[in-house]
Ligand code: HEM
């Protein structure tokens, strides 16, 4: 896992819960927290930090990953505005992850293990995203999609009909775009 992911996790934890909670996660896992964005670190370290956060914050690990993904998306939008600028909607943005974003990430971060998704149209208008990765970070993908919807001012419902964590050979996320989210200027 590239250091940028650890840097994002640190930022998200510190922004919401403060430095002391991040330091507590490092103490608990015995990790130093010294990650350079281009470096590569064992996947087990992200798992350990997520498990420690799950314990410290009293939430299941998949909820922590989903929360992390959602909160990380505005940070990525700030760091990589070019990936977001040409889109106006979640669906087109998510579809561009395979063709543009993750290929670019692989060039920028040598050795990055970005997943490749399999897209299909669902019968009910949903976008079906097939995900298969040894890292089994479907909850992170779920959170990234919610964070992207926040970015584009949309509301999405993401279902998870197939999941590797429930013994399925791959995960499938069904992304339903519900409506534009209300902005502060909208009438109640
Ligand atoms: C909705 C959009 C996105 C989804 C669903 C998504 C999903 C994922 C997932 C699930 C992983 C974990 C690796 C794995 O499963 O094997 C990952 C890794 C990664 N993604 Fe994305 N991603 C999205 C957008 C982005 C964007 C906008 C960026 C940055 C500009 C980005 C950069 C990365 C990086 C740097 C990694 C880490 C690779 C590594 O550590 O080896 N992703 N992505």
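Any read-out appearing in this document is the output of simple, stated calculations on the displayed coordinates, not a laboratory observation. Quantities reported herein were computed from a predicted structural model and do not represent experimental measurements. With ideal geometry, Cβ positions are generated from the backbone for all residues, glycine too; neighbour counts draw on all protein chains shown.
Summary of values
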read-out	value
Subset tally (residues that are within 16 Å of the ligand (Cβ to nearest atom) and touching a residue at least 24 places away in the same chain (Cβ under 8 Å)) for segment 11-46	13
Residue in segment 49-61 that is within 13 Å of the ligand (Cβ to nearest atom) and surrounded by fewer than 16 Cβ atoms within 10 Å (Cβ to Cβ) present	no
Only listed residue being exposed (fewer than 14 other Cβ atoms within 10 Å of the Cβ), under 17 Å from the mean Cα position of the chain (by Cα) and free of Cβ contacts under 8 Å to residues at least 40 places away in the same chain, chosen from 81, 161, 115	81
Complete set of residues in segment 75-125 that are under 27 Å from residue 13 (Cβ atoms), touching a strand residue (DSSP E or B) at 6+ places or on another chain (Cβ under 9 Å) and more than 9 Å from the ligand (Cβ to nearest atom)	110
